[in-house]
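Report on one structure; see the data block that follows.
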Amino acid sequence: MRLSLLAALILGLAAPAAAQDVDLELVLLADASGSIDADEIRFQRQGYAEAITDPSVLQAIAETAYGSIAVTYVEWAGADSQGVVVPWTVIAGPDSAARFAEALMGPPRMAYGRNAIGSALLAAKRLIEENDIDGWRKVIDFSGDSPNNFGGPPIRAARDEVLAAGITINALAILCRFCSGQAGGGANLEAIYEERIIGGPGAFVVTADDMESFADAVRRKLILEISGTVPGAPALAAR
C-alpha cells in the first residue's frame with residue numbers, strides 16, 4: 001500500500017501541469033515595420049492598453065464561458081523580427097487587465113525591418129501552439145498599414161498553414177494617416193486584407209481611418225473577437 005502511494009505521488013509530481021482553460025487564446029500582432037515610427041509604436045500600444053481595460057471589453061470577457069481569455073502582444077516587422085512585448089497573460093477582470101496594460105507600455109520597440117507578413121503569421125501560430133493554455137477558440141489579431149511582404153514565406157502559404165491549424169485570422173487595417181481612407185499608392189487596404197490575410201470561422205476586418213480612430217477600432221475589434229461575433233451580426237447565444 002505504501003509503495004502504491006509513493007508511486008502515485010512520484011507520478012503526480014512528474015506529470016505536466018494541466019493546461020489552463022480559457023475561452024479564447026488571442027495573439028495581438030501589431031505592426032512595427034519601417035512605416036511605423038517610435039511615436040506610433042507607443043500610440044498603438046496605448047490604444048490596446050486603453051481597449052483591454054475598457055468596461056465594455058471587460059464585460060465581454062466576463063460573459064464568456066470561462067470568464068477569462070489569454071492574450072499576448074507581439075510586434076512584427078522583418079522576416080526574422082517578431083518580438084513578444086507582453087507574454088501570455090490570462091485576463092479575467094479589471095486587475096489582470098490593468099496589469100497587462102501596464103506591462104504593455106514599458107518595453108522598448110521589439111521588431112524592426114520591412115514588412116514580412118507571412119513570417120509574422122507563422123510566429124503567432126507558434127505562440128499559440130507552444131503555450132500551456134487551452135482555449136476554445138484561437139485567434140490571431142493582425143494589424144498593419146500595408147499589404148506588402150518583402151521577405152519570408154508568401155502570405156498565402158503562411159495563411160493556409162495557420163488556418164489548417166484551426167486558428168482564425170482577423171485584421172485591423174490602419175488606413176493612410178495622411179490621406180483619405182486608402183493605403184499608400186491608392187490601394188484599398190481593407191479589401192486586400194479581406195482577400196489575402198483573414199480567414200477562419202467568422203473572420204473579419206476592422207478599419208481605423210486615421211490615428212484618432214485607432215483606439216475605438218481596437219476596442220470594437222476586441223469585443224467582436226471576445227464575444228465570438230462578426231461585424232453587423234447579433235451576439236452569439238450563450239454556450
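Computed from the coordinates by the stated procedures, all read-outs in this text should not be read as laboratory data. Just so we're clear, the structure is a prediction, and the values are computed from it rather than from any experiment. Backbone-built Cβ (ideal geometry, glycine too); neighbour counts: all protein chains shown.
Computed quantities for the displayed model
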| item | result |
| --- | --- |
| Sorted peptide list for 62-69, 79-86, 116-123, criterion being average Cβ within 10 angstrom, highest first | 116-123, 79-86, 62-69 |
| For region 23-146: rounded, prolate or oblate by the Cα gyration tensor [a/c cutoff 1.5] | oblate |
| Under Karplus coefficients 6.51, -1.76 and 1.60, residue-wise ³J(HN,Hα) of region 73-78 in Hz, glycine/proline x | 10, 10, 9, 10, 7, x |
| Inter-label distance, nm, simple model (7 Å from Cα along the C-beta direction), residue 39/residue 164 | 4.4 nm |
| Peptides ranked, highest mean first, by Cβ atoms within 10 Å: ranges 221-228, 51-58 | 221-228, 51-58 |
| Cβ-Cβ FRET estimate between residue 98 and residue 157, R0 fixed at 41 Å, reported to 0.05 | 0.60 |
| Rounded if a/c under 1.5, otherwise prolate or oblate - region 85-162, Cα gyration tensor axes | oblate |
| For peptides 40-47, 23-30, sequence by mean Cβ density within 10 Å, most packed first | 23-30, 40-47 |
| Dipole moment magnitude, nearest 20 debye, region 89-148 about Cα centre, only Lys, Arg, Asp, Glu C-beta charged | 240 debye |
